[in-house]
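Below you'll find the structure I mean.
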Amino acid sequence: MLETNKVEDATVNEYVERPEEFNKLDESVERTKLFHNDVYENDIKICLPTRIGFSKAFMSMVDGIKWGWGFTNTPKETSKYYINEILCGCILCLTMLPEMISFCMIAKIPPYLGLQGASFLSLITSIFGGSPAVIHGVTGAFASVCSKYLVENNNVDLLPDGIERLYICIFICSVMLFFFSYFHMSALIQLIPTPVFIGYCNGLSIIFLRAQLHNLKNPYTHEYIKGHYLLFFIIICTLVVLIVELWKKIPKVGQKIPSSLIAITVTIFVEFVILRKFLHNNFASFKDVKSFTVGDMFSFTSDKAKPTFLFTNKDLNFSKVEFNMDLIKQVANMFTVLLVEALMVSEVIKDMGGAECDTNETIFSLFIGNVLASLGSAVGGSSLLGLSVLNYRNGARGKESGVVASILIYAILLFGYSLLNYIPLSFLCGIMITVFIHCFKWFSIPIVFFTFCPGYIRNCHPCMSRKISRWDAFIIVLVTVLCVFVSVPNGVLTGIILSALVYVWQSKSTFKFEIFYDRDTDTKYYEIEGHLFYASKKMFTRLFNYENDSSTVNIVLKGKSTLFDYTAIEALTSVKQQYNVNNKNVTIHGLSHECIKKIAKMNHLCKQIDVDLVKVEAPVVPLLYKPLQTIFQKQRTIRRKMSFKIKKKKKEKVEENLNDIEQP
């Protein structure tokens, strides 16, 4: 049995008084949910039910209903907070309507199904979710996946082919989201590196822009518009982009009135007053010219505004759905999209300074919202990146804004559905272009470009010196290309796998060693520094000279060297066996307690290893081998000392010259 000395830290239980300025919490921190990180670490560990029990794990999922509201904060929020949340909800509703309609057109889904699903989903996720100020609905990535499995019907009043298959996939994905939340697996967001996130945003924004080509088609002939039709489409689209981008910069007024409301008002005025009234009556060449509207693509009527129970909907026929590998692939793609977007958006809002979020509660709320939306014959979705960022920047900090927005969207569907038919498609295209402008990570273009440029080009200007790892730049480009031309889930998963492989390869290069020989005791020391695992096994096993080494060999693991996996332990065992064949004694020193536990659990698999907890001080003897890196480091230090001496002499000469000039 191995006995280890337990070292207790006397400073653990000591109480340290903090200054008063550290105890003053700002408003955003006061609204933060209090996590019991001293007991559970939900954001970095998985399989929580195995630690706290299955019933408590379920209760922790529904705990989101208790916090994030103004009346549950400490101290209680004032009326100013609720007024701000209501205004943010109104702005969010006006911005959400055109974006949801655009995403539904990308997905080939009737817009009323997307708006119904957005109202259900936003309401449920605001109540049960763990991410305040985050909005949910039909997202761009979800729409891009749906478009591959749906076929538009020539009759606009009929549902697209494959909608039954979509409902089944959403229901299965919702069940998978429940188990994902129950086992607290949202900690996997830590495996998504920043280059993958940048490539994901870039690829998604390009998909948005490419999907706008659909709005350039005549909804009746399905041919691209030309001539005056195309000219007025471009004019209105450009006008919308300018209004949305420039209206916010107007002081006071631009912050109170949403730019999307001004843009849609101006667009409808230009379309129905200037174009259809003035130009039609005064110019014969513009008599038949007009912009197509949402009503030409999908008509909103009173019977479509109300939700219909899924199993009583006469337009659906689930008997023709086949359960095969294509359905499994569709479920896998949708589940990946729903999950990745929910995790990423929560992290983005958290990094912007928002309240602490529990992504497991958010995923659980997505499970409830998507199930209810599917039962109401609506289409659910996931977290909306652009709208969530907009909502947070407008000042929303709680869940009330999402509730207000969902209620207003459903009210417009019930009582103002006829107005939605008059929205021009050029307005929707302009809104999506602004989404593309803000979603695309423009800073990544010069960084990626200059990363692959040689050093003498980057040294030409300070702006060109921005550089990241070439592997990171390659991952950004690869994820972007795969998201656009293959699929968003494949792009994200490929980026994660490639990033992991790059990290493993670079971790292998940190493996270092030094060899010492003590002539007095005829002992050879191998000092190992770095992680020993499957990637560094070959370097480790080739290090030793089994036949020519001395009779006594000590392998010393320095610093925080660890045995990561079974391959590392098997490598140590094989080294021990090789020395035993040559009748030489080998002792391994410096194993950490975790490594000893691994060896003890493996029992008879590691009988060849003799564990010694006492770290051996290697004697100062001439090196038989010295890494080239050490020699290079010494050369660099010598050069630095020489350059420092030269600079010092030059400085002394300049001071002497100045003294000579100052003297009369």
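The values are calculated or read from the model by the stated rules, or taken from the named source; none is laboratory data. None of the values given here were measured: they were computed from a predicted structure. Reconstructed Cβ throughout: ideal geometry from the backbone, glycine too, with neighbour counts over all protein chains shown.
When you go through Y534, Y526 one by one, which is the residue that is assigned to a strand (DSSP E or B), without any contact (Cβ under 8 Å) to a residue 60 or more places away in the chain and assigned by TED's automatic domain parsing to the domain that holds V575? Break it down stepwise before answering.
Details: Y534 fails: assigned to a strand (DSSP E or B).
Residue meeting the stated conditions: Y526.
Checking S406 against (1) over 30 Å from I124 (Cβ atoms); (2) crowded, with 20+ Cβ neighbours inside 10 Å: exactly one of these is not met. Which one?
All conditions are met except number (1).
Using the structure shown, decide if D358 is more than 30 Å from S302 (Cβ to Cβ), of a type in the set (D, E) and surrounded by fewer than 24 Cβ atoms within 10 Å (Cβ to Cβ). Quick ask: steps written out before the conclusion?
On the way: more than 30 Å from S302 (Cβ to Cβ): yes; of a type in the set (D, E): yes; surrounded by fewer than 24 Cβ atoms within 10 Å (Cβ to Cβ): no.
Taking the combined requirement at face value, the residue does not satisfy it.
So is S285 at pLDDT 80 or above, in the same structural domain as C104 (by TED's automatic domain parsing) and assigned to a helix (DSSP H, G or I) or not?
no
So that you can scan it fast, the table gives a plain yes or no per residue for (1) at pLDDT below 90; (2) within 23 Å of S60 (Cβ to Cβ):
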| site | (1), (2) |
| --- | --- |
| M352 | yes, no |
| C357 | yes, yes |
| I368 | no, yes |
| V371 | no, yes |
| S377 | yes, no |
| R393 | yes, no |
| G398 | yes, yes |
| G402 | no, yes |
| I407 | no, no |
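For the list (1) in contact with a helix residue (DSSP H, G or I) (Cβ under 7 Å, 6 or more places away or on another chain); (2) of a type outside the set (V, I, T); (3) over 23 Å from A118 (Cα atoms), I need the number of the one condition that D288 fails.
(1)
I've got another one for you. Against the condition surrounded by 17 or more Cβ atoms within 10 Å (Cβ to Cβ) and of a type outside the set (V, I, T), how does L501 come out, does it pass?
Details: surrounded by 17 or more Cβ atoms within 10 Å (Cβ to Cβ): no; of a type outside the set (V, I, T): yes.
No.
List the number of the failed condition for Q255; all other conditions in (1) part of a helix (DSSP H, G or I); (2) in contact with an Asp or Glu (Cβ under 7 Å, 6 or more places away or on another chain); (3) modelled with pLDDT under 85; (4) not β-branched (V, I, T) hold.
(2)
I need a count of the residues in the range 284-296 that are in contact with a His (Cβ under 9 Å, 6 or more places away or on another chain) and not basic (K, R). Give the steps one after another, and end with the answer.
Step one: filter the range 284-296 for residues in contact with a His (Cβ under 9 Å, 6 or more places away or on another chain), giving 285-290.
Narrowing the set further to residues that are not basic (K, R) leaves 285-286, 288-289.
Count: 4.
Pick from S487, S465, S444: which is surrounded by fewer than 16 Cβ atoms within 10 Å (Cβ to Cβ) and polar (S, T, N, Q)?
Working: S487 fails: surrounded by fewer than 16 Cβ atoms within 10 Å (Cβ to Cβ); S444 fails: surrounded by fewer than 16 Cβ atoms within 10 Å (Cβ to Cβ).
One residue alone meets the criteria, S465.
Given the conditions (1) touching a residue at least 24 places away in the same chain (Cβ under 8 Å); (2) more than 30 Å from L216 (Cα to Cα), and given that S102 satisfies all but one, which numbered condition is not satisfied?
(2)
Same structure, new question: Does V253 count as on the phi < 0 side of the Ramachandran plot, surrounded by 13 or more Cβ atoms within 10 Å (Cβ to Cβ) and not basic (K, R)?
Working: on the phi < 0 side of the Ramachandran plot: yes; surrounded by 13 or more Cβ atoms within 10 Å (Cβ to Cβ): no; not basic (K, R): yes.
For V253, the condition - on the phi < 0 side of the Ramachandran plot, surrounded by 13 or more Cβ atoms within 10 Å (Cβ to Cβ) and not basic (K, R) - is not met.
Among the small types (G, A, S), under 21 Å from I189 (Cα atoms), assigned to a helix (DSSP H, G or I) and touching a residue at least 60 places away in the same chain (Cβ under 8 Å) - does that describe any residue in the range 368-385?
If we filter the range 368-385 for residues that are among the small types (G, A, S), which is where we start, we get 369, 373-374, 376-378, 380-383.
If we keep only those that are under 21 Å from I189 (Cα atoms) as well, we get 381-383.
Still in the list and also assigned to a helix (DSSP H, G or I): none.
No, there is no match, as no residue in the range 368-385 is among the small types (G, A, S), under 21 Å from I189 (Cα atoms), assigned to a helix (DSSP H, G or I) and touching a residue at least 60 places away in the same chain (Cβ under 8 Å).
How many residues are of a type in the set (D, E, K, R) and within 36 Å of the chain's Cα centre (by Cα) when one looks only at the range 210-230?
The qualifying residues number 2.
Please pick out the residue among S291, S260 that is touching a residue at least 60 places away in the same chain (Cβ under 8 Å), assigned to a loop (DSSP other than H, G, I, E, B) and buried (at least 19 other Cβ atoms within 10 Å of the Cβ). Can you show your working first?
Numbers: S260 fails: assigned to a loop (DSSP other than H, G, I, E, B).
Among S291, S260, only S291 is touching a residue at least 60 places away in the same chain (Cβ under 8 Å), assigned to a loop (DSSP other than H, G, I, E, B) and buried (at least 19 other Cβ atoms within 10 Å of the Cβ).
So which residues in the range 444-456 are within 27 Å of C201 (Cβ to Cβ), in a helix (DSSP H, G or I) and either at pLDDT below 85 or among the hydrophobic types (A, V, I, L, M, F, W, C) (or both), if there are any at all?
We begin by selecting, within the range 444-456, every residue within 27 Å of C201 (Cβ to Cβ); these are 444-453.
Those left that are additionally in a helix (DSSP H, G or I): 444-451.
Of everything in the range 444-456, those that are within 27 Å of C201 (Cβ to Cβ), in a helix (DSSP H, G or I) and either at pLDDT below 85 or among the hydrophobic types (A, V, I, L, M, F, W, C) (or both) turn out to be I445, I447, V448, F449, F450.
So is A535 of a type in the set (A, V, I, L, M, F, W, C) and closer than 16 Å to K598 by Cβ or not?
Working: of a type in the set (A, V, I, L, M, F, W, C): yes; closer than 16 Å to K598 by Cβ: no.
No, not satisfied.
Right, here's the next one. Has the range 423-434 got any residue that is among the small types (G, A, S) and either within 30 Å of I225 (Cβ to Cβ) or in a helix (DSSP H, G or I) (or both)? Full working, then the answer.
Of the residues in the range 423-434, the ones among the small types (G, A, S) are 426, 430.
Still in the running and either within 30 Å of I225 (Cβ to Cβ) or in a helix (DSSP H, G or I) (or both): 426, 430.
Checking the range 423-434: at least one residue is among the small types (G, A, S) and either within 30 Å of I225 (Cβ to Cβ) or in a helix (DSSP H, G or I) (or both).
Out of I243, I268, I need the residue that is within 22 Å of C104 (Cα to Cα), at pLDDT 80 or above and surrounded by 11 or more Cβ atoms within 10 Å (Cβ to Cβ). Which one?
Result of the check over I243, I268: I268.
Scanning for something more than 26 Å from the chain's Cα centre (by Cα) and either more than 24 Å from L327 (Cβ to Cβ) or assigned to a helix (DSSP H, G or I) (or both), does the range 168-181 turn up at least one residue?
To start, the set of residues in the range 168-181 that are more than 26 Å from the chain's Cα centre (by Cα) comprises 168.
Pick out the ones that are also either more than 24 Å from L327 (Cβ to Cβ) or assigned to a helix (DSSP H, G or I) (or both) and you get 168.
Within the range 168-181, one or more residues are more than 26 Å from the chain's Cα centre (by Cα) and either more than 24 Å from L327 (Cβ to Cβ) or assigned to a helix (DSSP H, G or I) (or both).
Right, something else. Could you identify the single residue in S186, S181, S205, S174 that is at pLDDT 90 or above and crowded, with 20+ Cβ neighbours inside 10 Å?
On the way: S186 fails: at pLDDT 90 or above; S181 fails: at pLDDT 90 or above; S205 fails: at pLDDT 90 or above.
So the residue among S186, S181, S205, S174 that is at pLDDT 90 or above and crowded, with 20+ Cβ neighbours inside 10 Å is S174.
When you look at K256, is it assigned by TED's automatic domain parsing to the domain that holds I86 and within 24 Å of S299 (Cα to Cα), yes or no?
Working: assigned by TED's automatic domain parsing to the domain that holds I86: yes; within 24 Å of S299 (Cα to Cα): no.
Considered against the rule, which asks whether it is assigned by TED's automatic domain parsing to the domain that holds I86 and within 24 Å of S299 (Cα to Cα), K256 comes out as no.
Taking H280 as the residue in question, decide whether it is assigned to a loop (DSSP other than H, G, I, E, B), surrounded by fewer than 16 Cβ atoms within 10 Å (Cβ to Cβ) and free of Cβ contacts under 8 Å to residues at least 24 places away in the same chain.
Values: assigned to a loop (DSSP other than H, G, I, E, B): no; surrounded by fewer than 16 Cβ atoms within 10 Å (Cβ to Cβ): yes; free of Cβ contacts under 8 Å to residues at least 24 places away in the same chain: yes.
In short, no.
Matching residues to (1) out of contact with any Leu (no Cβ under 7 Å at 6 or more places or on another chain); (2) touching a residue at least 60 places away in the same chain (Cβ under 8 Å); (3) under 30 Å from G203 (Cβ atoms):
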site: A473; (1), (2), (3): yes, yes, yes
site: S487; (1), (2), (3): yes, yes, yes
site: V492; (1), (2), (3): yes, yes, yes
site: T521; (1), (2), (3): yes, no, no
site: L557; (1), (2), (3): no, no, no
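Sticking with this one: Exactly one condition in (1) modelled with pLDDT of 80 or more; (2) in contact with a Leu (Cβ under 8 Å, 6 or more places away or on another chain); (3) over 17 Å from P132 (Cα atoms) is false for T4; which is it?
For T4, the failing item is (1).
Looking at the range 518-543, which of the residues that are among the hydrophobic types (A, V, I, L, M, F, W, C) and surrounded by fewer than 18 Cβ atoms within 10 Å (Cβ to Cβ) is farthest from the chain's Cα centre (by Cα)? If you could, list the steps in order and put the result at the bottom.
From the range 518-543, those among the hydrophobic types (A, V, I, L, M, F, W, C) are 528, 532-533, 535, 539-540, 543; that's our starting set.
Within this subset, residues satisfying the condition of being surrounded by fewer than 18 Cβ atoms within 10 Å (Cβ to Cβ) are 539, 543.
Details: M539: 35, L543: 41 Å.
It comes out as L543.
Quick one: how many residues across the range 207-224 are without any contact (Cβ under 8 Å) to a residue 12 or more places away in the chain, over 20 Å from T480 (Cα atoms) and not in a strand (DSSP E or B)? Please lay out each step first, then the result.
First, pick out the residues of the range 207-224 that are without any contact (Cβ under 8 Å) to a residue 12 or more places away in the chain: 213, 217, 221-224.
Then drop every residue that is not over 20 Å from T480 (Cα atoms), which leaves 217, 221-224.
With not in a strand (DSSP E or B) added as a condition, the list becomes 221-223.
Residues in the range 207-224 being without any contact (Cβ under 8 Å) to a residue 12 or more places away in the chain, over 20 Å from T480 (Cα atoms) and not in a strand (DSSP E or B): 3 in total.
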